[in-house]
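Visitor: Please read through the structure below; I'll follow up with questions.
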Amino acid sequence: MNIVLAGFGGQGVLFAGKVIAHAGLLEGREVSWLPSYGPEMRGGTANCSVCLSDEAVGCPLVLHPDLLIAMNRPSLEKFAADTAPGGVIVYDSALAAAAPVPGEGVRLAPVAAAPMAETEGLGGLANMILLGRALAETGFAALDMVEAAIRKCIPPKKQHLAEPNLRALHLGMSV
């Protein structure tokens, strides 16, 4: 499965991509994770390509994702048209003014993730809500592997953030 995650720096795009990659590693799959971000980092653009495969990954750059997770309108506009036929676009509908016109056989999965995170006391975790929706839509990994990956990707000094991240993941799976 080829995945692109994109948004503004500081939205947790790279972290969510790292969680997907770690979940793939925990499942014993071949994995690549390729981050890309502007020099501004926070507030600039950020995206990453993640490949999960049962065979060696030949190219870490994803040009036609099976799954696109877009956290803002510019990212949606930039990557939506390249989504592969049969792919899924999960996006934050609160930050994207209009739904993209999907390509042939591409499914849209809009979620008002940012306001949902605020309402549920999970400010800053819209990325995990979208990740949960993506997991529900595609089954890119087993739920227990994604949960373990979240715990693994959070630094030891910040493990108190594991439970809110897991809550946000489950919230996204249920919408």
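Visitor: Just to confirm, what accessible area per residue do you get for the chain at 1.4 Å probe, in whole Å²?
Guide: 47
Visitor: Using a Gaussian network model on the chain with a 10 Å cutoff between Cα atoms, which of LEU125, LEU34, LEU52 fluctuates the most?
Guide: Result: LEU34 has the largest fluctuation of those listed.
Visitor: Looking at the square roots a ≥ b ≥ c of the eigenvalues of the Cα gyration tensor of region 21-139, which shape do they give, rounded for a/c under 1.5, prolate if a/b is larger than b/c, or oblate?
Guide: rounded
Visitor: Continuing with this model, one more query. Just to confirm a number: summing +1 for Lys and Arg and -1 for Asp and Glu over residues other than ILE89 whose beta-carbon lies under 14 angstrom from that of ILE89, what do you get?
Guide: Around ILE89, the surrounding residues sum to -2.
Visitor: Among PRO156, PRO60, PRO74, which one shows the biggest mean-square fluctuation in a GNM of the chain, springs joining Cα atoms closer than 10 Å?
Guide: Of PRO156, PRO60, PRO74, the Gaussian network model singles out PRO156 as fluctuating most.
Visitor: To the nearest 10 square angstrom, what accessible area does VAL88 show with a 1.4 Å probe?
Guide: Its accessible surface works out to 0 Å², give or take rounding.
Visitor: Which percent of the accessible area of the chain is formed by carbon and sulfur heavy atoms (probe 1.4 angstrom)?
Guide: The value for the chain is 55 percent carbon and sulfur by accessible area.
Visitor: Among the trypsin sites (Lys or Arg not before Pro) within region 14-115, which fall in a DSSP loop and have no more than 14 other Cβ atoms within 10 Å of their own Cβ?
Guide: Answer by residue number: ARG42.
Visitor: In addition: Using the Karplus equation 6.51 cos²θ - 1.76 cosθ + 1.60 (θ = phi - 60°), what ³J(HN,Hα) coupling, rounded to whole Hz, does each residue of region 123-131 give in order, writing x for Gly and Pro?
Guide: Going residue by residue, I get x, x, 10, 4, 4, 6, 5, 5, 4 Hz, with x marking Gly and Pro.
Visitor: Kindly work out what percent of the DSSP beta bridges joining two residues of the chain are antiparallel, to the nearest 5.
Guide: The antiparallel proportion sits near 55 percent.
The values are calculated or read from the model by the stated rules, or taken from the named source; none is laboratory data. Predicted, not measured: the structure shown is a model, and the values here were computed from it. All Cβ positions, glycine included, derive from the backbone under ideal geometry; neighbour counts span all protein chains shown. The area values use the complete protein model at the heavy-atom level, side chains included, leaving out ligands, DNA and RNA. Shrake-Rupley method; radii C 1.70, N 1.55, O 1.52, S 1.80 Å.
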